[in-house]
């Protein structure tokens with residue numbers, strides 16, 4: 001079943017076109033890596049889906065409903081959880097408060113308190129370090145811990161899809177391994193749909209799943225990560241000269 | 001001596017409340033709301049029937065205190081929320097300078113609206129006259145109002161801290177103040193948070209109006225502007241966007257004013273404000289980010 005459907009989506013900043021006519025179809029439970037060199041438009045695409053950056057054309061459907069032009073909070077409430085680049089923890093709030101902000105959108109549903117307590121436990125089980133430091137300010141956490149926190153915060157919203165922009169940014173390789181390990185475990189456990197943006201395709205090839213390669217705002221390749229990863233087409237797309 | 005302490009605290013209370021009202025709104029939308037002072041003036045004039053006579057025709061001012069206080073707070077909150085819906089909402093994605101100019105303009109609209117209805121002459125009013133009576137305490141004679149101002153301010157500050165720390169809405173406001181866009185991506189409703197901030201800020205304006213009105217016994221169209229300037233300076237010294245900083249700086253500024261009044265040589269006293277503002281410049285030279293730098297603004301610069 002299609003969870004996220006992008007049809008001919010474009011993003012423009014003034015006269016600069018960052019994303020030109022991208023169409024992607026993402027099924028429920030799928031893991032999709034969007035890779036591509038710096039400036040390929042990956043982050044812009046993600047921000048456009050989340051409603052943070054306006055689209056200049058095309059439309060976005062989530063779970064069968066049109067979400068183009070809707071506010072970020074509305075889109076989040078439909079089950080699209082965004083973890084933006086640079087992690088963006090609320091540094092002056094405690095770790096637990098950060099997690100509670102993520103859970104807030106369900107505060108009107110009956111049984112919220114019990115549900116939230118259970119979700120909190122589950123996040124703490126996945127990331128024990130967060131439990132240990134739960135009353136500390138989030139700004140004091142290390143980069144890897146902050147990455148865990150924002151993933152946990154996204155999980156508190158009980159999303160259907162988590163979109164993560166560059167989870168490995170600024171992290172030591174072994175910390176990145178830890179983050180991915182848990183992310184993939186969570187995905188399997190909850191049949192989450194994952195949309196991960198990474199500059200390099202290495203991680204996608206390691207983990208497997210579907211991979212899309214973007215370049216100059218367009219989708220260049222779309223297929224199985226392992227098959228694409230070592231192909232000549234991939235090499236050409238990354239290092240190839242401008243052909244237009 | 002005790003008299004000086006109480007003077008400093010009660011003046012500081014006014015500045016702190018005003019600074020909080022500005023910092024709350026700045027926190028969620030990077031707007032320096034210069035219309036805040038005119039919301040203060042409006043709140044007090046709402047107690048009077050429109051007339052251009054020098055004698056005030058009291059309308060809601062005759063209410064018993066337990067109705068009068070909520071009335072003024074509600075007027076402040078209501079006008080402030082109205083400003084948000086009618087004006088500031090349209091400017092939400094513009095740059096801070098544009099928003100600031102809009103707030104100036106809005107302030108003038110409110111001020112001249114009052115001018116039209118009530119004329120520019122200050123009107124004498126007597127609100128809750130019992131509060132103007134002096135009380136003896138620890139050998140000093142203090143107006144009861146001064147005592148109440150300090151107590152009320154501390155109560156408001158405590159209430160605000162509890163609201164921000166313990167309630168869901170408070171949590172959302174703090175998150176939004178630090179990173180508005182991220183908060184929205186987590187489902188925090190922008191409109192609700194911003195309107196909440198305006199309502200709180202307006203209620204604080206109402207509180208200042210009440211204290212000021214009782215203290216001076218007049219309703220003056222200019223009264224908001226005087227507090228507003230000091231309050232604005234307090235938010236800057238405190239670190240724009242930092243609530244704790246705004247309160248701290250408000251009290252410091254109040255204390256500085258009162259202390260200078262006492263220690264300056266008699267000949268220099270008329271120029272007290274120059275000394276106060278000189279101290280402000282000194283503080284900003286050494287801590288341009290303010291006493292307590294707010295996280296959200298630090299990253300932006």
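Key figures for this structure:
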| item | result |
| --- | --- |
| Residues of region B:131-144 that turn out to be in a helix (DSSP H, G or I) and farther than 13 Å from residue B:217 by Cβ, as a count | 1 |
| Set B:199, B:177, B:209, B:225: member being away from every other protein chain (no Cβ under 14 Å), in a helix (DSSP H, G or I) and crowded, with 24+ Cβ neighbours inside 10 Å | B:209 |
| Residue that is nearest to residue A:171 (Cα to Cα), among those in region A:185-204 that are assigned to a helix (DSSP H, G or I) and touching a strand residue (DSSP E or B) at 6+ places or on another chain (Cβ under 8 Å) | A:203 |
| Helices (runs of 4 or more DSSP H) lying entirely in region B:1-116 (those with 3 or more residues that are within 30 Å of residue B:264 (Cβ to Cβ), modelled with pLDDT of 85 or more and over 16 Å from the mean Cα position of the chain (by Cα)) | B:2-29 |
| Enumeration of residues in region A:57-83 that are within 9 Å of another protein chain (Cβ to nearest Cβ), outside any helix (DSSP H, G or I) and surrounded by fewer than 21 Cβ atoms within 10 Å (Cβ to Cβ) | A:71 |
| Residues within region A:8-33 that are farther than 24 Å from residue A:204 by Cα and surrounded by 14 or more Cβ atoms within 10 Å (Cβ to Cβ), tallied | 4 |
| Some residue of region B:60-82 being in contact (Cβ under 8 Å) with a residue 40 or more places away in the chain, under 30 Å from residue A:53 (Cα atoms) and surrounded by 13 or more Cβ atoms within 10 Å (Cβ to Cβ) | yes |
| Subset of region B:117-130 (residues that are assigned to a helix (DSSP H, G or I) and within 18 Å of residue B:75 (Cα to Cα)) | B:117, B:118 |
| Residue match in region B:30-48 (condition: on the phi > 0 side of the Ramachandran plot and either touching a helix residue (DSSP H, G or I) at 6+ places or on another chain (Cβ under 8 Å) or free of Cβ contacts under 8 Å to residues at least 12 places away in the same chain (or both)) | yes |
| Sole residue being within 14 Å of another protein chain (Cβ to nearest Cβ), surrounded by fewer than 24 Cβ atoms within 10 Å (Cβ to Cβ) and over 17 Å from residue B:187 (Cβ atoms), chosen from A:54, A:37 | A:54 |
| Subset tally (residues that are within 14 Å of another protein chain (Cβ to nearest Cβ), loosely packed, with under 14 Cβ neighbours inside 10 Å and not in a helix (DSSP H, G or I)) for region A:90-147 | 3 |
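Yes or no, residue by residue, for (1) farther than 16 Å from residue B:33 by Cβ; (2) over 19 Å from the mean Cα position of the chain (by Cα):
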residue: B:158; (1), (2): yes, no
residue: B:161; (1), (2): yes, no
residue: B:182; (1), (2): yes, yes
residue: B:188; (1), (2): yes, yes
residue: B:203; (1), (2): no, no
residue: B:210; (1), (2): yes, no
residue: B:215; (1), (2): yes, no
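The values are calculated or read from the model by the stated rules, or taken from the named source; none is laboratory data. Computed from a prediction, not measured in an experiment: that's the story for all the values here. Cβ atoms come from the backbone with ideal geometry, glycine included; neighbour counts cover every protein chain shown.
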